[in-house]
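Okay, so here's the structure we're looking at.
The values are calculated or read from the model by the stated rules, or taken from the named source; none is laboratory data. What you are looking at is a predicted structure, and each value in this text was computed from that prediction instead of being measured. FYI the Cβ positions are ideal-geometry reconstructions off the backbone, even for glycines, and counts take in every protein chain you see.
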Ligand code: SF4
Ligand code: FES
């Protein structure tokens, strides 16, 4: 009997793991976690057919497989390339990859407006994060940026076409979550745009999910527009008995006030359970919900700046990537000054912490 369970060994950034045949390099890297996982602006594990559009997930394959150890001649999109047994991949350990990623980010920003100061997505925008890591200060683009005729998508969803990076996620989400096609991408090249063609509004019960899958601020929630900055809000997990969806959501609150409702997202920023429009847009009172508690936030998120509880430390694979060596810190204040008391639990301090909380009494 053939051994169906044979796993493939793949080494990514010097860390070897075993994965099932058919796993993409991106998903294998996500199993390792941390910075080893390439950024993904168009791939979305819950949307069939997604990926292969944005090129932010490029990696270098320095050994194709044990059977054919030749390197792949060009960088490959990790979301669309499956692992082979004995494959060796470089992501953050490859200068070529970093260089290409800088180029991809420059390309994505060619037509993207500098809207972050007024964009509702600021603070939770994948493109903003990528630009901080890979962007340059200036632009070499000398032409006028794209402009579009305004499309009204109805009472709930605001489209800013100039911010769209044409990742197709919203198109896949609308196609796969609704029973009739809602919108698509019209035209070719730099004329391409998200549109309903005859300018209808998007009005299916689950269409609000396109807001959550959009990696930039091209699709935002009209009921939340300009109301607050996400880093001033406190995300809390909550649920309600909903006849249409699982009713498991994230409430973004300030004091007692619920500013917006979104789906819960996993560590890769992907929606865990799709939610219906009623939960998202109509239930804006704390009394509509059973609040479970503060959302666990990755410490890399700007949103964790606004509250002191529920910080989840992501896996830090850098020492493993560097063969056991720790990254050199300019100054590790924790070991040098020893001002921090390791027994202080920030979640137990009422309100913001003060210096007196950290006096090391030990
Ligand atoms: S609107 Fe957002 S989700 Fe849709 S294609 Fe543009 S960037 Fe992607
Ligand atoms: S995430 Fe792979 S090409 Fe966009």
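If I go through region 317-335 residue by residue, how many of them are exposed (fewer than 12 other Cβ atoms within 10 Å of the Cβ) and modelled with pLDDT of 60 or more?
Going through region 317-335 one residue at a time, the tally reaches 7.
Return the residue satisfying two criteria in turn: it lies in region 62-88 and is part of a strand (DSSP E or B) and more than 14 Å from ligand 2 (Cβ to nearest atom), and of such residues it is farthest from the chain's Cα centre (by Cα).
That would be 63.
For residue 79, all conditions in the list (1) crowded, with 17+ Cβ neighbours inside 10 Å; (2) within 19 Å of residue 166 (Cβ to Cβ); (3) not assigned by TED's automatic domain parsing to the domain that holds residue 44 hold save one; what is the number of the exception?
All conditions pass for residue 79, except number (3).
What is the one condition in (1) more than 13 Å from residue 280 (Cα to Cα); (2) touching a residue at least 12 places away in the same chain (Cβ under 8 Å); (3) part of a loop (DSSP other than H, G, I, E, B) that residue 206 does not satisfy?
Result: residue 206 passes all but (1).
From the list 170, 119, 125, which one is in contact with a helix residue (DSSP H, G or I) (Cβ under 6 Å, 6 or more places away or on another chain), closer than 28 Å to residue 283 by Cα and either modelled with pLDDT under 90 or not assigned by TED's automatic domain parsing to the domain that holds residue 100 (or both)?
170
Mind counting the residues in region 213-244 that are in a strand (DSSP E or B) and out of contact with any helix residue (DSSP H, G or I) (no Cβ under 7 Å at 6 or more places or on another chain)?
Residues in region 213-244 being in a strand (DSSP E or B) and out of contact with any helix residue (DSSP H, G or I) (no Cβ under 7 Å at 6 or more places or on another chain): 4 in total.
Looking at the structure I just gave you, is residue 213 within 11 Å of ligand 1 (Cβ to nearest atom) and over 16 Å from the mean Cα position of the chain (by Cα)?
No, not satisfied.
When you scan region 22-61, how many residues do you find that are near ligand 2 (Cβ under 10 Å from one of its atoms) and loosely packed, with under 15 Cβ neighbours inside 10 Å?
Within region 22-61, residues that are near ligand 2 (Cβ under 10 Å from one of its atoms) and loosely packed, with under 15 Cβ neighbours inside 10 Å number 1.
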